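The values are calculated or read from the model by the stated rules, or taken from the named source; none is laboratory data. On a predicted model such as this, the values are computed, not experimentally measured, just so you know. In this analysis, Cβ positions are derived from the backbone assuming ideal geometry, glycine residues included, and neighbour counts consider all displayed protein chains.
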Amino acid sequence: MDKVPLDEPIVRPGKELTLSGLETDSGLLELRGEVDRLRLEVIALKTYLGSAHPSFRELFPDILARTIEDVNPEFD
């Protein structure tokens, strides 16, 4: 029976795990970038609406509370 060096079967999964971890890190960075972009857009919209419609700042907490109750972000 041929002998297979023990190092080879152990090293290969280790390399695969490392590459998988790098892909996960890259995906996480992309998601963080998207979240940051969305945060900036929300801030810009709130700033505009607050200046264009002065009552918006006062009404926003109620609008947000109703939206949280009525909208499921996973399905909309």
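Against the list (1) modelled with pLDDT of 95 or more; (2) surrounded by 10 or more Cβ atoms within 10 Å (Cβ to Cβ); (3) polar (S, T, N, Q), the condition Ser55 fails is (2).
For beta carbons closer than 7 Å, sequence separation of 6+ or different chains, a first residue in the range 31-56 that is in a helix (DSSP H, G or I) and a second that is surrounded by 10 or more Cβ atoms within 10 Å (Cβ to Cβ) and among the charged types (D, E, K, R), the qualifying pairs are Gly50/Arg57. All of (1) surrounded by 10 or more Cβ atoms within 10 Å (Cβ to Cβ); (2) at pLDDT 95 or above hold for Pro61 with one exception: (1).
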